[in-house]
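Engineer: Below: one structure in structure tokens.
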């Protein structure tokens, strides 16, 4: 299977299929697909988890995006288990706040690591954006050394890290508010209906998260790449800063 097909399959299994399961399988009923809220959330979470395990088995490594997906899935499972282990049919009343914190913690950590690790050869910037899959880093660093521009080079990478971290911090705040927006109304539903309403809220957060948060984040990362290309071409005096295809 080529990489394009594999990526599309990962999106279907990690994003689309869980949303469909949460939307259509959360009710109790006679139909085979009406699993109930608990079984539906387990089925929905098992798909991205299976994708992450398969990715590790096939490549013997976990890329950062897959790792974030796995971490998010595990945290969602923990919060969901906590939400449904109260003394009544209703979810625990503090669930929205725990879920919101879960949504914010990963981008917050990534943003912090992005800034702290800027000068490291394995910095988060090099993992996500300034990677040797996109930039011709050996050629760039040879030019920087030859022209004696290491301080300017370091400053460029630090600014790119700040820009990327800023987008992650904004994403964390947006994730937190979006989770509260969808989950706080769940507490207003009748107790017996709250587990189903919780699943629907998680499904809606996935869709709206990609639209409200994912697209602006993608645009920001594209702008960071354009900044790096422009700045590195100026520093190196070369228009060959990208890997030739």
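Engineer: Of the conditions (1) touching a helix residue (DSSP H, G or I) at 6+ places or on another chain (Cβ under 8 Å); (2) not in a helix (DSSP H, G or I), residue 87 satisfies every one except a single condition; which number is it?
Structural biologist: (1) is the only condition that residue 87 fails.
Engineer: Test residue 116 against the stated conditions and say whether it is modelled with pLDDT of 85 or more and exposed (fewer than 15 other Cβ atoms within 10 Å of the Cβ).
Structural biologist: When the stated conditions are applied, residue 116 passes them.
Engineer: I've got another one for you. Within the stretch 119-141, can you find the residues that are surrounded by fewer than 18 Cβ atoms within 10 Å (Cβ to Cβ) and in a loop (DSSP other than H, G, I, E, B)?
Structural biologist: Scanning the stretch 119-141 gives 119, 120, 121, 122, 131, 132, 133, 134.
Engineer: Considering the stretch 83-99 alone, what residues qualify as being closer than 20 Å to residue 196 by Cβ and either modelled with pLDDT of 85 or more or buried (at least 19 other Cβ atoms within 10 Å of the Cβ) (or both)? Full working, then the answer.
Structural biologist: Residues of the stretch 83-99 closer than 20 Å to residue 196 by Cβ: 83-96, 98-99.
83, 90, 91, 92, 93, 94, 95, 96, 98, 99 - these are the residues of the stretch 83-99 that are closer than 20 Å to residue 196 by Cβ and either modelled with pLDDT of 85 or more or buried (at least 19 other Cβ atoms within 10 Å of the Cβ) (or both).
Engineer: Tell me whether the stretch 38-52 contains one or more residues that are more than 20 Å from residue 196 (Cα to Cα), assigned to a helix (DSSP H, G or I) and either out of contact with any helix residue (DSSP H, G or I) (no Cβ under 6 Å at 6 or more places or on another chain) or at pLDDT 80 or above (or both). If you could, list the steps in order and put the result at the bottom.
Structural biologist: Taking the stretch 38-52 as the starting set, the residues that turn out to be more than 20 Å from residue 196 (Cα to Cα) are 48-52.
Filter once more, so that each one left must be assigned to a helix (DSSP H, G or I): 48-52.
Adding the requirement that they be either out of contact with any helix residue (DSSP H, G or I) (no Cβ under 6 Å at 6 or more places or on another chain) or at pLDDT 80 or above (or both) leaves 50.
Yes, there is a match, as at least one residue in the stretch 38-52 is more than 20 Å from residue 196 (Cα to Cα), assigned to a helix (DSSP H, G or I) and either out of contact with any helix residue (DSSP H, G or I) (no Cβ under 6 Å at 6 or more places or on another chain) or at pLDDT 80 or above (or both).
For every residue, the table says whether it meets (1) surrounded by fewer than 19 Cβ atoms within 10 Å (Cβ to Cβ); (2) under 30 Å from residue 100 (Cβ atoms); (3) touching a residue at least 60 places away in the same chain (Cβ under 8 Å).
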site: 149; (1), (2), (3): yes, no, yes
site: 170; (1), (2), (3): yes, yes, no
site: 173; (1), (2), (3): yes, yes, yes
site: 181; (1), (2), (3): yes, yes, no
site: 184; (1), (2), (3): yes, yes, yes
site: 187; (1), (2), (3): yes, yes, yes
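Engineer: Within the stretch 55-82, can you find the residues that are modelled with pLDDT under 70, surrounded by fewer than 19 Cβ atoms within 10 Å (Cβ to Cβ) and over 24 Å from residue 167 (Cβ atoms)?
Structural biologist: The first filter runs over the stretch 55-82 and keeps only residues modelled with pLDDT under 70, leaving 55-56, 59-69.
Next, from what is left, pick out any that are surrounded by fewer than 19 Cβ atoms within 10 Å (Cβ to Cβ): 56, 59-65, 67-68.
Within the stretch 55-82, 56, 59, 60, 61 qualify.
Engineer: Would you mention how many residues in the stretch 15-27 are in contact with a helix residue (DSSP H, G or I) (Cβ under 8 Å, 6 or more places away or on another chain), under 15 Å from residue 195 (Cα atoms), modelled with pLDDT under 70 and outside any loop (DSSP other than H, G, I, E, B)?
Structural biologist: Of the residues in that region, 2 qualify.
Engineer: A further question follows. Pairs only if they're at least six apart or on different chains, beta carbon under 7 angstrom, first in the stretch 118-135 and on the phi < 0 side of the Ramachandran plot and in contact (Cβ under 8 Å) with a residue 12 or more places away in the chain, second exposed (fewer than 12 other Cβ atoms within 10 Å of the Cβ) and assigned to a helix (DSSP H, G or I); list them, first residue then second.
Structural biologist: Qualifying pairs under 7 Å: 127/64; 128/64.
The values are calculated or read from the model by the stated rules, or taken from the named source; none is laboratory data. Worth saying up front: this structure is predicted, and the values here are computed from it rather than measured. Don't worry about glycine lacking a Cβ; one is built from the backbone with ideal geometry, like all the others, and counts go over all protein chains shown.
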